[in-house]
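*Asks:* For reference, the structure I am asking about is given below.
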Amino acid sequence: MDLSGKHTVITGAANGIGRGLARRFHQAGANVVVADLDGAGAEVVAAELNELRAGSALGVSADVGSEQGNIDLIRSAEAAFGVVDLFFANAGVGLGTDLETPEAQWELAFNVNVHAHRWAAKHLLPAWLDRGEGYFCSTASAAGLLSQIGSAPYSLTKHAAVAFAEWMSLTYGDRGLRVSCLCPQGVNTNMLTQGDVPGAGLSSSVVRSAGKVLEPSDVAEVALAVIEAETFLIAPHPEVLTYWGRKVGDYDRWLGGMRKLQARMAGA
C-alpha cells in the first residue's frame, strides 16, 4: 500500500512505537489519527504533525480496552478523514507474572492486547469488504512467536494477537483485506524500560532478556516497508526469525534452552 493520501489510525500513538509509526506514516503522505488513552499526549503528537502539514492529523482520546471505545474511535476517525484505509492496533500493556497475577490484570491484558484488535476489526470490516480493500495491522511481540520469560499474561495475549492476525489474513485475504503483524523484540519504550520494576530502566530483567534494543523510529521504518510490500510479518529484529526457526525445528530443545535462560535470569 502506498500511504500517500491514505487515512490511517494508530492506537497507543502518544509515545513509543505508536508515535514512531504516526510520524513515519505522516512523512509518507498519510493523514493520521493519533489515538491514545493519554488524550493530551495524542493531541501533542497530532499538533506536531499538523505543523508540518495543516489539517493532516487528529489527536483522539481512546480507551481501546472496550468495544465501545473502539467504536467511538472509528467514528471519530471517519468523521475526520472518511473511511479508514489502514488501522494499526498498536496499543498494548505489559503486566502480570504468573498464575497468581490478579484477575483484573489478566482481564486488562486480554482486553487491550487481544480483544481491542477483534473489536476494531469487527467494526472496520463491513466497509472494507464492501469496497474490496482495507489494511489491518497489529502490534504483537516477539513473545507472540516465542514466549516472554516471567510473564504469563503477556505471553498468552501476544500469542493470541499473532493468531488473530493470521486468522484475519486467512479469512479475508482473498477479499481485498491486507494484514500485517508487528513482532519486535526490545524497543526503547516506556513499557520496556519500566518492565517488571517501574523506574528500573536498563537494569530491568525485561530489558536484559530483550536482546538488541531498537528505537521506535527504526521499527517504524521496517513497518512501512512491509506495508508497502503488503506482506504479513513485520520483524524489525532479524534474530527473532532465527530463534523462531529453532523453536519450530526442535521444540523440546528450544524449551530446554529457554528454561536455562530463565534460571540464569532468576539467579542474576
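Bear in mind that the values in this text are calculations on the coordinates, not laboratory data. Model, not experiment: these values are computed from the prediction. So basically every Cβ, Gly included, is an ideal-geometry build from the backbone, and we count neighbours across all protein chains shown.
*Asks:* Multiply the residue separation of Gln27 and Asn190 by 0.36 nm, subtract the distance between their alpha-carbon atoms, and state the gained length in nm to one decimal.
*Replies:* Separation in residues times 0.36 nm, less the Cα-Cα distance, equals 56.3 nm.
*Asks:* Sticking with this structure for a sec: Which of Thr139, Thr97 has the fewest other C-beta atoms within 10 Å, and how do the rest follow up to the most?
*Replies:* By the 10 Å Cβ count, ascending: Thr97, Thr139.
*Asks:* Now for a different question. Arrange Trp128, Trp254 by Cβ neighbour counts within 10 Å, fewest through most, would you?
*Replies:* Ranked by crowding around the Cβ, least crowded first: Trp254, Trp128.
*Asks:* So, with +1 on the Cβ of K and R and -1 on the Cβ of D and E, and no other charges, what is the size of the charge dipole of the chain about its Cα centre, to the nearest 20 debye?
*Replies:* Numbers: 20 positive and 28 negative charges, 143 e Å.
Magnitude of the dipole: close to 680 debye.
*Asks:* Something else now. How much length, in nm to one decimal, is gained on full extension between Glu107 and Ser4, taken as 0.36 nm per residue of separation minus their Cα-Cα distance?
*Replies:* Full extension of this stretch gives 33.3 nm more.
*Asks:* I've got another one for you. Restricting things to alpha carbons, find the Rg to Rh ratio for region 210-268 using the Kirkwood radius for Rh.
*Replies:* On the way: Rg = 15.0 Å, Rh = 13.6 Å.
Rg/Rh: 1.10.
*Asks:* Top mean-square fluctuation among Ala35, Ala235, Ala104, Gaussian network model of the chain, C-alpha springs under 10 Å?
*Replies:* Sorting by GNM fluctuation, first place goes to Ala104.
*Asks:* On to the next question. Work from the charge dipole of the chain (Cβ charges, +1 for Lys and Arg, -1 for Asp and Glu, about the Cα centre) and give the residue of Val93, Asn188, Ser66 farthest towards its positive end.
*Replies:* Asn188
*Asks:* Moving to a separate point now. Give me Thr189, Thr171, Thr8, Thr101 sorted ascending by neighbouring Cβ count inside 10 Å, so fewest comes first. Working shown, then result.
*Replies:* Numbers: Thr189 23, Thr171 12, Thr8 28, Thr101 15.
Placing the least packed residue first, the sequence is Thr171, Thr101, Thr189, Thr8.
*Asks:* Taking every pair of alpha-carbon atoms in the chain, what share in percent sits in each 5 Å bin, from 0 to the bin with the longest distance?
*Replies:* Histogram of Cα-Cα distances, whole percents per bin: 1, 6, 13, 18, 20, 17, 12, 7, 4, 2, 0, 0.
*Asks:* Based on Cα coordinates alone, diagonalise the gyration tensor for region 1-121, multiply each eigenvalue by 5, take square roots, and list the semi-axes in whole Å, largest first. Walk me through the numbers on the way to the answer.
*Replies:* Numbers: eigenvalues 145, 40, 28 Å².
Calculated on Cα positions only, the semi-axes equal 27, 14, 12 Å.
*Asks:* If you don't mind, another one. Order of 36-42, 87-93 by packing, highest average Cβ count within 10 Å first? Intermediate values should be presented prior to the final figure.
*Replies:* Details: 36-42: 19.6, 87-93: 26.7.
So the order, starting with the most tightly packed, is 87-93, 36-42.
*Asks:* What helices does the chain hold that run 15 Å or longer along their axis, going by alpha-carbon atoms, with a Kyte-Doolittle average of -1.0 or more, using DSSP H for the helix calls?
*Replies:* The answer, listed by residue number, is 16-27, 39-52, 67-81, 116-131, 152-172, 216-229, 238-249, 251-267.
*Asks:* Right, something else. Which GluC sites (Glu not before Pro) does region 88-161 hold that lie in a coil by DSSP with at most 12 other beta carbons within 10 Å?
*Replies:* Glu100
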